[in-house]
1. Suppose we filter region 293-312 for residues that are touching a Phe, Trp or Tyr at 6+ places or on another chain (Cβ under 7 Å) and closer than 15 Å to ILE327 by Cβ; how many remain?
2. Take the residues in region 429-461 that are among the hydroxyl-bearing types (Ser, Thr, Tyr) and outside any loop (DSSP other than H, G, I, E, B); name whichever of them is surrounded by the most Cβ atoms within 10 Å (Cβ to Cβ).
3. Quick one: is ALA253 aliphatic (A, V, I, L, M) and touching a Lys or Arg at 6+ places or on another chain (Cβ under 9 Å)?
4. Taking the residues in region 127-169 that are within 17 Å of GLY234 (Cα to Cα) and among the acidic types (Asp, Glu) as candidates, determine which candidate is surrounded by the fewest Cβ atoms within 10 Å (Cβ to Cβ).
5. Output the residues belonging to region 400-432 that are more than 11 Å from ILE290 (Cα to Cα) and free of Cβ contacts under 8 Å to residues at least 40 places away in the same chain.
6. What is the number of the single condition among (1) at positive phi; (2) surrounded by 23 or more Cβ atoms within 10 Å (Cβ to Cβ) that LYS349 does not meet?
7. Which residues, counting only those in region 20-54, are within 13 Å of ARG103 (Cα to Cα), touching a Phe, Trp or Tyr at 6+ places or on another chain (Cβ under 6 Å) and crowded, with 18+ Cβ neighbours inside 10 Å?
8. Any idea which of SER113, SER123 is within 26 Å of ILE74 (Cα to Cα), buried (at least 22 other Cβ atoms within 10 Å of the Cβ), modelled with pLDDT of 90 or more and among the small types (Gly, Ala, Ser)?
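The values are calculated or read from the model by the stated rules, or taken from the named source; none is laboratory data. Values in this document were obtained by computation on a predicted structure and should not be read as measured data. So basically every Cβ, Gly included, is an ideal-geometry build from the backbone, and we count neighbours across all protein chains shown.
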Amino acid sequence: MENNILDLLLFPEFILSVGAIAILLIGLFTTKKTFSSTSNLSVILLIVVGIIIYINKNISFAYFNTFFKESSFILFFQILVVIGSIASIIISSNYYKDIKLLRFEIPVLILFSTLGMLVLIGSNNLMSMYLGIELQSLALYVLAAIRRDSLQSAESGIKFFVLGALSSGILLYGCSLIYGFTGSTNFNDIFTSISSLDNLNLGIIFGLVFILVGLAFKVSAVPFHMWTPDVYEGAPTAVTAFFAIVPKVSAVALIYRFCLEPFGDFYKEWSQIIIFLSIGSMFLGSIAAIAQTSIKRLLAYSSIGHIGYILIGLASTNAAGIKGAVIYVLIYVLMNIAIFTIILSLKIKDNYVEKINDLSGLSKDKPVFSICIAITMLSMAGIPPFAGFFGKFYIFIAALEAELFYLAILGVLFSVVSAFYYLRIIKIMYFDDLKIPNYQTNISSKASLILFFSILTITMFIFYPSLIINIGSDISIEFFNN
């Protein structure tokens, strides 16, 4: 009994929930420098939670009635979510102070959203899965509309809320169908219930489809992407950074687990949906971004394209696919951290850069920022020797091993198309005339350190790739052996 209580007290989600409530109360009853103190406390709390997640690898979940599960795959994605949340708070701090949006609720909302993501990634039950999704989403809805004096922010929050509520309803209906036809909400029990069937009955298939539609909305896969460009553009840039860096990591982890754990033996029933989502996302992500003039809208369509590549690993249904996804998601997070650190730090005439043409001739005034943007864009395009190339390389290898040759070919073609708008940004920075003689920068020393580490990893990945590749290999082997 004492061991169970001790395990519960060391449960990362429990510590994060109690800590978030404590920080909320501190912010509520403190009058001076509330935003700074809550931000710093939030970062410290997340660091503690990340350490506990790592050291509690073999925690017993017996007293949670199998609502949660532990594995290397889950551990990796949970730590990645915590790192992304820490980075989001640090790189956004100066931005919030500069635009006078000093609401102590912002880091607290990030904490509650992160809590939902941790629950979501580790869930082993349809009910805990839905709880995690809603806890994550409710905080994100408020964050999107947090700037109450901005019509764009309010509009993005309303759009996100309405479409999010619709997707949650669809997902919950799918959960009810699966429960009705299998008699259980637990992933292991669902697998046991359907493992003796030669073919899934129509009710389970409908439930599976509805849940995949709900999850596709969360990862903004085509055709359920419609909220992404508007929310990215309308929300404050710091909130957009959090949206781009963190929530999709948890949704990707869940969609992989949901398809491969309870429904792993019924590949044909869900693979066509995943392949359609993958091709549609790669196509729209590479074509629609070409016409964009806003940096945030371009990055929104870019993120949709990246989701398409990540889903190739799921469609491959092999160890190489899991390995490729682990590598790709890690690199995706680093690239987004790098680009948003710069966007949140670069100003023109007291306004933060938002249009692509705002970067005209940037290299002549801010050469360091320019080279950082160029490296990130080349990596996002998948051009060697940068890290983004290896992410796509291992995903395409997985598709080839699974004999999904058309997916690999389409992935390469769409990569070539998307390279146009990434390289266009480099062209604007280095070859266009300098329109604004004096760019201003607003970057803290902590944010500079994060930017340096991100760019260093993206650039030097080719010299020491074995660390991440070995982690991906170990995770993929364990995933299919469990």
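1. Residues in region 293-312 being touching a Phe, Trp or Tyr at 6+ places or on another chain (Cβ under 7 Å) and closer than 15 Å to ILE327 by Cβ: 3 in total.
2. Taking the candidates together, the pick is SER454.
3. So ALA253 fails the test.
4. Step by step, filter region 127-169, then rank; the result is ASP149.
5. Listed by number, the residues that qualify are LEU400, GLU403, PHE405, TYR406, ILE409, VAL412, LEU413, VAL416, LYS427, PHE431.
6. Condition (2) is where LYS349 drops out.
7. Answer for region 20-54, where residues must be within 13 Å of ARG103 (Cα to Cα), touching a Phe, Trp or Tyr at 6+ places or on another chain (Cβ under 6 Å) and crowded, with 18+ Cβ neighbours inside 10 Å: GLY27, PHE35, THR38.
8. Among SER113, SER123, only SER113 is within 26 Å of ILE74 (Cα to Cα), buried (at least 22 other Cβ atoms within 10 Å of the Cβ), modelled with pLDDT of 90 or more and among the small types (Gly, Ala, Ser).
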